[in-house]
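Bear in mind that the values in this text are calculations on the coordinates, not laboratory data. The shown structure was predicted, so the numbers you read here are calculated from the model rather than taken from an experiment. Positions of Cβ are backbone-derived with ideal geometry, glycine not excepted, and every protein chain shown enters the neighbour counts.
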Amino acid sequence: MSVPEESHLVQERRQKVERLRTRGIEPYPWSFPDRVPTSSVVERCRPLTPGATASGPDARVAGRLHTIRQHGKSAFLDLEDQSGALQLFLRVDEVGEPAYSEWLSDLDPGDLVGAEGSPMVTRRGEPSLLVRQLTLLAKAIAPPPEKFHGLKDAELRLRRRYLDLLSTPETRARFRARSLFVREIRHFFDEHDFLEVETPILGGVASGAAAQPFVTHSGYLDEDLQLRISLELPLKRLLVGGMERVYELGRIFRNEDLDVTHLPEFSMLEAYWAYTDYTDMRRLMEAMYLRLARRIAELLPGVPAAAEAPALFQPPFAVVDFVEALEEKSGLHGILDRSREQLRDLARAAGTTIPDASPTGKFLDKLFEHYVESTLTRPTFVVDHPVATTPLAKRHRSKPNRVERFELYCRGIELANAYSELNDPDDQVRRFGDQLAAKGTEFYAMDRDFIEALQYGMPPASGVGFGIDRAFMALTGIPTIKETVLFPPVRSRP
RNA sequence: GGGCCCAUAGCUCAGCCCGGUAGAGCAGGCGGCUCUUAACCGCAAGAUCAGGGGUUCGAAUCCCCUUGGGCCCGCCA
C-alpha cells in the first residue's frame, strides 16, 4: 500500500489547481447555497418525455463527480450526493466557449462540484440536468478508486472507510441503515418512557461482567482507572435513586482478541425497568425486535436476511429451559448436580480451553455454547440458567439452583440477556464471593459501593442488555462485526 | 496464542505451479467525436512486483524472516 502523494496523477491534479488559481478561480470555495438533493431533480424529471426539458426554475445541485464521458462538444458527468445520483448534461451550445473547454480540462472524477441548470430527460430517457453553470467546490488531489469495480482491497476498505463509502453504494446504504437502526432503538425505549442516561466510562474496578478491562491512569487522581466493561451497576444505582425506567446506549471496552463477532470496543444497550420481572421484559423484547425487524426490512429491502426479518421475528418467540436444552442436546444428565471439577472435565471434553480456575458458571456457559447455541436459528428465549452462571440475577421463585434469566438467540447470535434483577444485598455479597472463590483471571469483580447502594433498597426490577453491533448483524445477515462499525480497529500504519 | 491463505501501476486484475527483458482494463496526458451512461476510436506515458535476506548465470516466480490483511481454531458478547 503506497501513499499516492508522489504519483504523477497527484502532480497533474495539483497543476490543475494552480491553473485554476491563475485564472482567478478558487478551488476550495466556502459554500454552495440554495442547493437541492439530486433526488428532487430526478423527481422533477419523472413526468417528462425523452428529449423534454422541465419548465420552471433552474435547480442547483452539488456532489461528487463520479464519471465523465466527453463527446467532443458535449459531455455527460455523473454527480453523486447523499440522496442518489444525477447525470449532468453539458453542451457547448448551452454554456459557450471558453467555459465549456475550461471546465472539462480542470475537472476530474472525485471532484466536488455544484451545478445549476434545467431538469431534463435525454433522448435515451436518462433524467439529467442541462447545465448552465458549473462550480468547482473542492478539488480532489488524490484520484478516487476505480469507477466500476470500486474499492475491493479489504485492508484499504477498513483503514480508509471514507473511500469505501464514496465508492460503494452498498456501504453507504449499510451505514445509513445502522444509524437509523440505532435511532429506532432509542425511539422504542423513549416511547416506553425510559430515560436515556450517561454513566462514567472511566472508573475504579470495572465490574458488571467478566472480561479483561483496559487500564489507564489519571494524573489528577494519581490512580489507575479501568474502562467500563458493562453498564449494569451504575444503572442499578439509578433504580435505587428512584429512576424507574432508565437505559444507556454506549460504548464499552473489553481488552480481548478480536474476531468476526468481537471488537475491543462495541456498543451496548442496557435498560432497567422497576416493578417488573423477566417475563415482562420478554414481552418488551419481542415487541422491540419485531419493530426493529420491520424497520431493517424497510431500510435494506435488497438484503435477503433483512427482507426476511419481519416474518422471522413474529412473536411469540420460542422458549426453552437452559438445563433441559443442554441435557437434551448433549445427552448429559444431572447437570445441576455436577461438581465444578466434573463440569470442567465435561467442558474440556467439548474442546474448550478456558482456565481451570474459572468460576463454575463459565463451564456451564461453555457447554451450552458448544451443544446448543448454534442450533438456535429462529428467535428463541433460553430461560432459567443455573445460579452459578449469573451472579447479578435473582434466584428463581420456584426452580431451585436457578436464576430468573433469559437470553434471546437468533441466527446463532445472542440478541438479549435479561434478568429479574438481584436486589437482596446479602445474597449479592455471597454471589460475588462465589465468583472470587474460583480465583481465576476473569470474574465479576466485587463492587462494594454497589452493595452499599443495594442496602438502601432497590425496587424489584427487570433489566436487559444487548450488543448493538451484533443485533444489527443478526437482522441484516452481515457476517463480520467489522462491517457494522464505520471505523473498526486497525494496527498503526507500518 | 496456534494453523492456513493473500500482498504486482492511483484502482480492479493477469503473469507465479513449470525461473529467462513486468502485462491488460479503468483513471490520468495528448488527439478525435454534440444523447452517452463501465461511452467509443487513436497515440504516448505510468511499477521499490509489501519490506529484508537466501538459492541461482538469472527471481514477481523457488526458500527463509519481517510487516500488514483475510479465513479457521482457542478466549471475552
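Can you give the FRET efficiency to the nearest 0.05 for A:R46 and A:R14, using r as the Cβ-Cβ distance and R₀ = 35 Å? So the FRET efficiency works out to roughly 0.25.
Listed values for segment A:418-432 are Karplus-derived 3J(HN,Hα) couplings in whole Hz (6.51 cos²θ - 1.76 cosθ + 1.60, θ = phi - 60°), namely 9, 9, 6, 6, 5, 10, 8, x, 6, 5, 4, 4, 4, 5, 4, and x replaces Gly and Pro.
Size of segment A:4-144 from its Cα atoms: along the principal axes, largest to smallest, the extents are 48, 30, 25 Å.
Identify the trypsin sites (Lys or Arg not before Pro) of segment A:402-494 meeting these criteria: DSSP loop state and at most 14 other C-beta atoms within 10 Å of the C-beta. All intermediate terms of the calculation are to be shown ahead of the outcome.
Working: sites: A:R402, A:R405, A:R411, A:R430, A:R431, A:K439, A:R448, A:R470, A:K482, A:R491; in loops: A:R411, A:K439, A:R491.
Within segment A:402-494, the qualifying trypsin sites (Lys or Arg not before Pro) (loop, at most 14 other Cβ atoms within 10 Å) are A:K439, A:R491.
Along its principal axes, segment A:58-128 has C-alpha extents of 32, 27, 21 angstrom, given from the largest down.
Determine, from the Cβ-Cβ distance of A:T480 and A:S55 and an R0 of 51 Å, the FRET efficiency 1/(1 + (r/R0)^6), rounded to the nearest 0.05.
Efficiency, from the Cβ-Cβ distance: 0.50.
When the Kirkwood radius is taken over all Cα pairs of chain A, what Stokes-Einstein diffusion coefficient follows at 4 °C and 1.567 mPa s, in µm²/s? If you can, show how the numbers build up before the last one.
Numbers: Rh = 26.5 Å.
Value of D from the Cα-based Kirkwood radius: 49 µm²/s.
Helix A:340-349 and the longest principal axis of the Cα set of chain A meet at an angle near 40°. The ranking of A:S230, A:S7 from fewest to most other beta carbons within 10 Å of each one's beta carbon is A:S7, A:S230.
So which trypsin sites (Lys or Arg not before Pro) in segment A:66-171 are both in a DSSP loop and have at most 10 other Cβ atoms within 10 Å of their Cβ? Kindly include the intermediate steps, with their values, before the conclusion.
Values: sites: A:R69, A:K73, A:R91, A:R123, A:R124, A:R132, A:K139, A:K147, A:K152, A:R157, A:R159, A:R160, A:R161; in loops: A:K73, A:R123, A:R124, A:K139, A:K147, A:K152, A:R160.
Answer in residue order: A:R123, A:R124.
Within the shell of other residues whose beta carbon sits under 9 angstrom from the beta carbon of A:T389, the net charge comes to +1, with Lys and Arg scored +1 and Asp and Glu -1.
The Rg/Rh ratio for segment A:381-494, using Cα coordinates for both the radius of gyration and the Kirkwood hydrodynamic radius, is 1.07. Residues whose amide H lies under 5 Å from that of A:L88, counting only those 5 or more places away or on a different chain, are A:L77, A:D78, A:L79, A:L129; hydrogens are built 1.01 Å from N in the peptide plane.
Note on chain A: lysine pairs with Cα distance below 20 Å, sequence gap of 8 or more or different chains, count 9. For segment A:1-105, chymotrypsin sites (Phe, Trp or Tyr not before Pro) are listed when DSSP marks them as loop and at most 16 other Cβ atoms sit within 10 Å of their Cβ; the list is A:W30. With the gyration tensor restricted to C-alpha atoms of segment A:280-336, the semi-axes of the equivalent ellipsoid amount to 32, 15, 7 Å, longest first. Rounded to the nearest 10 degrees, what's the angle between the helix A:278-299 long axis and the longest principal axis of chain A, both from Cα atoms, 0 to 90? The helix A:278-299 is inclined about 20 degrees to chain A. In chain A, helical runs assigned H by DSSP with n ≥ 4 each contribute -39500 (n - 2.57); averaged across all residues and rounded to the nearest 500, the mean residue ellipticity at 222 nm is -10500 deg cm²/dmol.
D for segment A:62-214, whole µm²/s, Stokes-Einstein with Kirkwood Rh over alpha-carbon pairs at 10 °C and 1.306 mPa s: what number? Before the final figure, lay out the partial values.
Values: Rh = 19.1 Å.
Translational D for this selection: 83 µm²/s.
Each pair of Cα atoms in segment A:232-303 enters the Kirkwood radius, and Stokes-Einstein at 4 °C and 1.567 mPa s then converts it into a translational diffusion coefficient of 87 µm²/s.
Could you quote the convex hull projected area for segment A:124-244, Cα atoms only and averaged over all directions, in nm²? Before the final figure, lay out each step's value.
Numbers: hull surface 63.3 nm².
Average projection, Cα convex hull of segment A:124-244: 15.8 nm².
Ordering A:336-343, A:295-302 by mean Cβ neighbour count within 10 Å, with the highest value first, yields A:295-302, A:336-343. Exposure proxy shown here: for A:T38, A:T22, the number of other Cβ atoms within 10 Å sets the order, fewest to most, as A:T22, A:T38. Amide H contacts for A:F443 (H built 1.01 Å from N in the peptide plane; partners 5 or more residues away or on another chain; cut-off under 5 Å): A:A211. Here A:E191 and A:R283 are evaluated by their C-beta separation; at R0 = 22 Å the FRET efficiency comes out at 0.90.
The angle between the Cα long axis of helix A:360-371 and the main principal axis of chain A comes to about 60°, on a 0 to 90 degree scale. Put simply, the amide H of A:Q133, placed in the peptide plane, has neighbours under 5 Å in A:E116, leaving out anything fewer than 5 places away on its chain.
Going from the residue with the fewest nearby Cβ atoms within 10 Å to the one with the most, A:Y162, A:Y278 rank A:Y162, A:Y278.
Sequentially through segment A:152-164, phi angles give Karplus couplings (6.51, -1.76, 1.60; θ = phi - 60°) of 9, 4, 4, 5, 5, 4, 7, 6, 10, 4, 4, 6, 4 Hz, Gly and Pro residues having no value and appearing as x.
For segment A:166-235, take N as its residue count and report Rg(C-alpha) divided by 2.2 N^0.38 Å. Numbers along the way, then the final one.
Details: Rg = 17.6 Å, N = 70, 2.2 N^0.38 = 11.1 Å.
That ratio works out to 1.59.
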